[in-house]
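Asks: Sharing a structure here in structure tokens format.
The values are calculated or read from the model by the stated rules, or taken from the named source; none is laboratory data. These numbers come from a predicted model, not from an experiment. Note that each Cβ is placed from the backbone with ideal geometry, even for glycine, and that neighbours are counted across all protein chains shown. We work out accessible area using only protein heavy atoms, side chains counted, and drop any ligands, DNA or RNA first. Shrake-Rupley method; radii C 1.70, N 1.55, O 1.52, S 1.80 Å.
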Amino acid sequence: ESAANRRKCAKTTSTTIYASHVILDVNAPTLADMCRPGDGAAVPINGVVPEVFKKVLFFCYGGEIKEEELAANAKAIIEAADRFGIVSLKLQAEAVLTEQTEIT
């Protein structure tokens with residue numbers, strides 16, 4: 001694996017999560033910009049709960065987040081997706097949040 005395509009390491013408060021820079025570059029451009037290809041140093045990710053960050057990365061790798069999970073974490077997922085440039089995930093979570101919001 002070339003230095004440019006090495007897996008990046010994103011470090012949360014108590015969890016270290018590895019991700020491919022290539023995957024991030026395609027699916028989470030802002031997050032990819034936080035990482036330097038070829039630099040194996042951990043990138044601190046503050047302000048995102050590790051479980052939400054894992055869901056965001058799961059989505060970046062082609063996974064589908066269940067509607068129940070989106071509903072349970074909609075605001076946090078919207079914030080993370082917006083922060084990391086994952087437009088399609090943000091739109092999905094916003095749609096779920098809109099459906100569950102009761103207007104009186």
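Asks: At 222 nm, what helix-only mean residue ellipticity would the chain give, in deg cm²/dmol to the nearest 500, using -39500 (n - 2.57) for each DSSP H run of four or more? Could the numbers behind the result be given before it?
Replies: Numbers: 6 runs with 55 residues, N = 104.
After summing the helix terms and dividing by residue count, I get -15000 deg cm²/dmol.
Asks: Next up: Return one number: the angle in degrees, 0 to 90 and rounded to the nearest 10, between the long axis of the Cα atoms of helix 87-100 and the longest principal axis of the Cα atoms of the chain.
Replies: 20 degrees
Asks: Then there is this: Could you run the Debye sum over the Cα atoms of region 57-104, one equal point scatterer each and no solvent, and tell me log10 of I(q)/I(0) at q = 0.17, 0.23 Å⁻¹, two decimals?
Replies: Scattering profile of region 57-104, log10 relative to I(0): -0.44, -0.76.
Asks: Another one. List the GluC sites (Glu not before Pro) in region 36-104 that DSSP assigns to loop (not H, G, I, E or B) and whose Cβ has at most 16 other Cβ atoms within 10 Å. Which are they? Write out the running numbers ahead of the final one.
Replies: On the way: sites: 51, 64, 67, 68, 69, 79, 94, 99, 102; in loops: 64, 102.
Qualifying residues, ordered by number: 64, 102.
Asks: Further, regarding this structure: If one takes the longest principal axis of the Cα atoms in the chain, at what angle in degrees, from 0 to 90 and to the nearest 10, does the Cα axis of helix 74-84 lie?
Replies: 30 degrees
Asks: For the chain, what does the alpha-carbon gyration tensor say about shape, rounded, prolate or oblate, given a ≥ b ≥ c as the root eigenvalues, a/c under 1.5 as rounded, and a/b over b/c as prolate?
Replies: Since a/c reaches 1.5 and a/b is larger than b/c, the shape of the chain is classed as prolate.
Asks: What accessible area per residue comes out for the chain, rounded to a whole number of Å², with a 1.4 Å probe? Walk me through the numbers on the way to the answer.
Replies: Values: 6290 Å² over 104 residues.
Spelled out: the 1.4 Å probe surface of the chain, per residue, equals 60 Å².
Asks: Using the Karplus equation 6.51 cos²θ - 1.76 cosθ + 1.60 (θ = phi - 60°), what ³J(HN,Hα) coupling, rounded to whole Hz, does each residue of region 16-29 give in order, writing x for Gly and Pro?
Replies: 10, 10, 9, 8, 7, 4, 4, 4, 5, 4, 7, 9, 9, x
Asks: Helix 50-60 versus the longest principal axis of the chain: what is the Cα-based angle in degrees, 0 to 90, to the nearest 10?
Replies: The two axes meet at around 80 degrees.
Asks: Collect residues whose amide H, placed 1.01 Å from N in the peptide plane, falls under 5 Å from the amide H of residue 19; neighbours closer than 5 in sequence don't count.
Replies: 8, 9, 10
Asks: Take the alpha carbon atoms of region 14-36, find their center, do the same for region 50-104, and report the distance between the two centers in whole angstrom.
Replies: The two parts, judged by their Cα centres, are 17 Å apart.
Asks: Rounded to whole Hz and in sequence order, give me ³J(HN,Hα) for region 37-48 from the Karplus expression 6.51 cos²θ - 1.76 cosθ + 1.60, θ = phi - 60°, writing x for Gly and Pro.
Replies: Once rounded to whole Hz, the list reads x, x, 9, x, 5, 5, 10, x, 10, 9, x, 10.
Asks: Within region 25-104, what whole-number % of the accessible surface is contributed by carbon and sulfur, with the 1.4 Å probe and all protein chains included in the calculation?
Replies: Roughly 52 percent, rounded to a whole number.
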